[in-house]
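In what follows, a structure is listed as structure tokens, so that the remarks can point back to it.
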Amino acid sequence: MIGIYGGTFDPVHFGHLRPAVDVYTELGLSEIRFIPAGIPAHREQPVASKAQRCQMLLLATENIAGMSVDDREINRDGPSYMIDTIRSLQSDFPDEKFCLIVGMDAFIGFESWREWQAIVGLINIVITYRPNFDIDSITESELKKYIRGAETKNKDEFLTGSFGHCYFCPVTQLDISATRIRELARQGSKLNFLLPDAVVDYLQQERIYQQEKIYG
Ligand code: ATP
């Protein structure tokens with residue numbers, strides 16, 4: 001099963017990378033594909049350009065077994081909807097099974113994603129815990145109903161059963177966000193140990209986030 005890890009990655013940091021490694025290991029996935037959003041559909045627009053966010057992901061994942069970067073969303077016109085990405089992956093890899101990996105904060109807002117009920121019908125979902133975000137903040141809703149019907153704690157059922165399951169995966173808790181990293185960069189503070197050194201060097205070289213500027 002291939003894990004799909006979508007996000008803005010503005011920039012990628014250890015709060016993305018370590019949980020991805022944890023999910024990869026816990027579920028024995030064949031691969032995790034990081035898919036940077038071209039034009040994020042559900043949030044404010046990124047500061048770094050599409051090419052820069054993609055390059056940072058490449059620097060962060062090179063030489064890490066099982067991790068790859070998929071540029072289909074940045075090469076697609078219009079807002080990056082996950083439902084389109086899933087359909088495109090399934091058409092490119094008809095014999096593969098996929099699971100979508102989402103942090104708790106993203107999952108809490110999942111009902112606002114385009115065709116979210118189609119998404120959960122097409123693939124499995126892995127939800128990773130994130131500091132300061134609590135599953136109990138999801139009030140009684142269609143999403144809560146989905147969780148009740150779809151949750152499994154059985155990895156075999158998740159990996160080999162029919163689609164539509166969700167799995168809450170314990171991952172290393174790192175209170176790191178891209179927002180905080182951008183703030184630190186703006187202030188000229190050190191970024192080490194929040195994201196890979198190669199990405200820190202790239203941010204300095206390209207002078208990204210040193211002044212807020214929306215790149216094309
Ligand atoms: P920003 O601060 O700009 O909103 P972010 O740090 O939340 O960015 P995103 O690129 O928006 O990062 O997140 C992509 C995915 O990674 C989402 O599913 C999100 O829940 C997850 N994620 C981000 N940071 C963490 C973290 N520290 N721990 C667990 N999951 C995380």
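The values are calculated or read from the model by the stated rules, or taken from the named source; none is laboratory data. Everything numeric in this text was worked out from a predicted model, so none of it was measured. Neighbour counts are summed over all protein chains in view; Cβ atoms, including those assigned to glycine, are modelled from backbone coordinates with ideal geometry.
In the stretch 151-165, is there at least one residue being among the basic types (Lys, Arg), more than 16 Å from the ligand (Cβ to nearest atom) and either buried (at least 19 other Cβ atoms within 10 Å of the Cβ) or part of a loop (DSSP other than H, G, I, E, B) (or both)? Outline the logic, then answer.
Pass one, the stretch 151-165, residues among the basic types (Lys, Arg): 153, 155.
Add one more test, that the residue is more than 16 Å from the ligand (Cβ to nearest atom), and what stays is 153, 155.
Pick out the ones that are also either buried (at least 19 other Cβ atoms within 10 Å of the Cβ) or part of a loop (DSSP other than H, G, I, E, B) (or both) and you get 153.
Yes.
Considering only the stretch 181-190, I want to know if a residue exists there that is touching a residue at least 24 places away in the same chain (Cβ under 8 Å), over 28 Å from residue 100 (Cα atoms) and either basic (Lys, Arg) or within 16 Å of the ligand (Cβ to nearest atom) (or both).
Scanning the stretch 181-190, I find at least one residue that is touching a residue at least 24 places away in the same chain (Cβ under 8 Å), over 28 Å from residue 100 (Cα atoms) and either basic (Lys, Arg) or within 16 Å of the ligand (Cβ to nearest atom) (or both), so the answer is yes.
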Residue 44 vs (1) away from the ligand (no atom under 16 Å from the Cβ); (2) of a type in the set (Asp, Glu); (3) at pLDDT below 95: all pass except (1)
Exactly one condition in (1) without any contact (Cβ under 8 Å) to a residue 60 or more places away in the chain; (2) surrounded by 13 or more Cβ atoms within 10 Å (Cβ to Cβ); (3) part of a helix (DSSP H, G or I) is false for residue 210; which is it? (3)
Please tell me if residue 5 is on the phi < 0 side of the Ramachandran plot, more than 12 Å from the ligand (Cβ to nearest atom) and buried (at least 20 other Cβ atoms within 10 Å of the Cβ). no
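Residues to consider are 123, 176; find the one that is surrounded by 14 or more Cβ atoms within 10 Å (Cβ to Cβ), aliphatic (A, V, I, L, M) and more than 9 Å from the ligand (Cβ to nearest atom).
None of the other options fit; the residue is 123.
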